[in-house]
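Heads up: the structure comes next, in structure tokens.
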Amino acid sequence: MSKLWNIAVVGATGAVGTQMIECLEERNFPVGKIRFLASGRSAGQALEFNGKPVLVEELTHDSFDGIDIALFSAGGARSEEFCPAAAKAGAVCIDNSSAWRMDKDVPLVVPEVNPEAIAGYTKKGIIANPNCSTIQMVVALKPLHDFANIKRIVVSTYQAVSGTGTKAIEELRVQTGELLNGRPIKTEVYQHRIAFNCLPQIDSFCDNGYTKEEMKMVNETNKIMGAGIKTTATCVRVPVFYGHSESINIETERKISVAQARELLQDAPGVELADNPANGEYPMAINAAGEDLVMVGRIREDDSVKNGLNLWVVADNIRKGAATNAVQIAEILIEKYLK
């Protein structure tokens, strides 16, 4: 009988937390005991795991006794406070917030791209999950980078409201209904109306004019794929419930033809090629929702530079962009590192 592992899901009642629970079930992760942790407001609520009710407990510094792996999706402030407590208790933390991503002693991991980085978890007992938009981009670009060495990335994202959380999902649903029925709307989660609109701002603005979300893509890509890649990003919130889309332009040291790119991506780990535009076949958010693969299409050469390529990349931001990526890291942990 294979070993069973004790798991804690921190932020268990949130959009990503509930998806983490679902992913553990779907992937038959060898769970012994499971503990669901959240704020005091959610304590006592019952969630199901493998058909059995599990009560949500209030997150405290003493919540991690006997836990082997703690999956965190409770926001940066809670991760900063409670990841060290979990690590001190002997748990390995896999954190979905931005709190630890750029810490030099914390590996930032996408299993299809840099699984070897997981070994660095021993320094602090923490592994960071990248930003959802970064994850899908680097999964798609890894095989192209290995073949032709990417020099520059220009990416524009079209990000679903689920990236903001359950309240944003509800805001889009309610606003859409109100507008279709000719009634006034309220804006609470976003500064401006999101229904039938696009917001060219995700997170707050930095002094350089970029948003924090855009700078996450720049900095995290460098940490995961190498500091030699120059990246610029524009991140936009769109009225879609699930699934982030990205328009990506790359410039490489050696030429990649469309045929070569398709061949490289066809069998790449975690990638699904959907690139037959003449027949209306290309990735869309509605195709990616509920799936774990990163979908790539609309591949075409950029004639404005010597070695340029354009791609359209779509993935479920809650699954591969967050929960599934964390569970995949946990799978590698128990296979190669934990005893």
Count - residues of segment 254-286 that are farther than 21 Å from Glu112 by Cα, out of contact with any strand residue (DSSP E or B) (no Cβ under 6 Å at 6 or more places or on another chain) and not aliphatic (A, V, I, L, M): 8
Matching residues in segment 61-107 - criterion: being in a helix (DSSP H, G or I) and either over 11 Å from Ile127 (Cα atoms) or in contact with a Gly (Cβ under 7 Å, 6 or more places away or on another chain) (or both): Gly76, Ala77, Arg78, Ser79, Glu80, Glu81, Phe82, Pro84, Ala85, Ala86, Ala87, Lys88
Selection count, segment 46-60, where residues are under 26 Å from the mean Cα position of the chain (by Cα) and assigned to a loop (DSSP other than H, G, I, E, B): 3
Some residue of segment 143-152 being in the same structural domain as Leu309 (by TED's automatic domain parsing), charged (D, E, K, R), closer than 25 Å to Gly75 by Cβ and surrounded by fewer than 16 Cβ atoms within 10 Å (Cβ to Cβ): no
Residue in segment 8-30 that is nearest to the chain's Cα centre (by Cα), counting only those that are surrounded by fewer than 18 Cβ atoms within 10 Å (Cβ to Cβ) and not in a loop (DSSP other than H, G, I, E, B): Glu22
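Of the residues in segment 33-45, how many are assigned to a strand (DSSP E or B) and out of contact with any Phe, Trp or Tyr (no Cβ under 6 Å at 6 or more places or on another chain)? Spell out how you get there, then give the answer.
Narrowing segment 33-45 to residues assigned to a strand (DSSP E or B): 33-38.
After this cut, where a residue has to be out of contact with any Phe, Trp or Tyr (no Cβ under 6 Å at 6 or more places or on another chain) as well, the list is 33, 35-38.
Total satisfying the criteria: 5.
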Cβ pairs under 6 Å, 6+ apart, first in segment 286-307 and within 15 Å of Ala323 (Cβ to Cβ), second charged (D, E, K, R) and outside any strand (DSSP E or B): Ala288/Asp316; Ala289/Asp316; Glu291/Asp316; Asp292/Arg319; Asp292/Lys320
Any strands (runs of 3 or more DSSP E) falling wholly within segment 225-316 and containing at least 2 residues that are among the polar types (S, T, N, Q) and within 20 Å of the chain's Cα centre (by Cα): 230-237, 244-252
Pair list, Cβ under 6 Å, 6 or more apart: segment 177-189 residue farther than 17 Å from Gly165 by Cβ and at pLDDT below 95, other residue surrounded by 12 or more Cβ atoms within 10 Å (Cβ to Cβ) and basic (Lys, Arg): none
Matching residues in segment 39-79 - criterion: being over 12 Å from Gly17 (Cβ atoms) and of a type in the set (Ser, Thr, Tyr): Thr60, Ser63, Ser79
Filter result (closer than 16 Å to Tyr158 by Cβ and hydroxyl-bearing (Ser, Thr, Tyr)) within segment 181-207: Tyr190
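The values are calculated or read from the model by the stated rules, or taken from the named source; none is laboratory data. What you are looking at is a predicted structure, and each value in this text was computed from that prediction instead of being measured. Every residue, glycine among them, receives a Cβ derived from its backbone with ideal geometry; neighbour counts consider all protein chains shown.
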